[in-house]
1. Given springs between every Cα pair under 10 Å in a Gaussian network model of the chain, which of His271, His46, His301 has the largest fluctuation?
2. Using a Gaussian network model of the chain whose springs link C-alpha atoms within less than 10 Å, name the residue from Val153, Val130, Val92 with the highest mean-square fluctuation.
3. Measuring from centroid to centroid over Cα atoms, what is the spacing of segment 52-81 and segment 292-313 in Å?
4. After finding the eigenvalues of the alpha carbon gyration tensor for the chain, what semi-axes result from the square roots of 5 times each, listed largest first in whole Å?
5. Return Arg212, Arg86 ranked ascending by Cβ neighbour count within 10 Å, so the fewest neighbours appear first.
6. For the chain, modelled as a Gaussian network with Cα springs under 10 Å, which listed residue fluctuates most, Ile131, Ile232, Ile91?
7. Normalised by the number of residues in the chain, what is the relative contact order in percent for Cα pairs under 8 Å and 6+ residues apart?
8. Could I get the Rg over Rh figure for segment 201-313? Both from C-alpha atoms, Rh via Kirkwood, rounded to two places.
Amino acid sequence: MFASLRLDRRAMVRLLLASGALAALRGRAALAEDAYAGPFVDAHAHLNWDAGVTIDALMALYDAAGVRSALLFGYPWQLSADAHDRFAGRIVPFLAEGYANALHPDSSYVHPDGLEQLLTAGVVHGLGEVICRHSAFQLGASGGYYAEPANSVPADHPELIRAYQTAGRFGVPVNIHQEWFFAEELERAFQAAADTTFVWAHAGHGPAETARAVLQRNPNVVADLSARTPWIGPGTVLLRPNGTLDPAWAAVLDEYADRFLVGLDLFAPAHYQMGYVSQLVAYYRGLLGQLDPGVADLIGHANAERIAAFRQA
Ligand SMILES: [Zn+2]
């Protein structure tokens, strides 16, 4: 039922785009008008001590851009715990470690007793983003230079698996960054902690078919669509230059509508600016607007609210 509605809309967009430049412009206008206007949960939000942003500043950006709430990766975790204290009901506090520090001797992931204490006290309600296999990257000059070398922590390292299992015992999700060419290793982790809900960050930056296969084989896994934009993920963008959603991705999002989340992946100091945040939100609202409204509602907010606990206190 949903599929035929969606195809009709996509067929309409295709017709508009097929009949010349003027019509293409109208097509883009039609897409903007069709943008998803429902609640928006940022399921991939960083609050790092050195990003030069406070939770108040981030929430002001969210308010202006129409973002309701966030799964917030605090590094150190006290940042997200404090954010939850100040904005209960809008923030789910996650515990994150530094970019290359997942297995550092001081990492919370490798200290099960301390981790259990934090989860028992309820001051954190998720783990991640756990950075495992990550390609080297650099962000350009606008707003400053930011770069990291490749990181190659194995996602199925026994100490990490123990942390994932601990999260599962407390019913809290784990967000993992692992690029798609290491998907097999990641799946071993998913299967070793089958009672844990995982979020595969950026859908692994991989092809739609890889995401579909991983979701199909692993019912405890959802995926976020963060960093699939022209601004942060060149080469992995979900929308074509004319604004239309890649058909292979449209099909997977429709098929696994209850398994995807949207996220902005703000992390570098230059990201916490109104122009950038509103541009990203518009991008994802435009993407969601090309899906069936029921699917857009799930991916825009309801899936995030299902896997994470937005507690009022
Ligand atoms: Zn990431």
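Bear in mind these aren't lab numbers, they're just calculated from the coordinates by the rules spelled out. Because the structure is a prediction, the values reported are computed rather than measured. Here the Cβ positions follow ideal geometry from the backbone for every residue, glycine too, while neighbour counts run over all protein chains shown.
1. Residue with maximal mean-square fluctuation among His271, His46, His301: His271.
2. Checking each option, the largest mean-square fluctuation is seen for Val153.
3. 18 Å
4. Equivalent-ellipsoid dimensions as semi-axes: 32, 21, 19 Å.
5. So the ranking, lowest neighbour count to highest, is Arg86, Arg212.
6. Answer for the Gaussian network model of the chain: Ile232.
7. 22 percent
8. Rounded to two decimals, Rg over Rh is 0.96.
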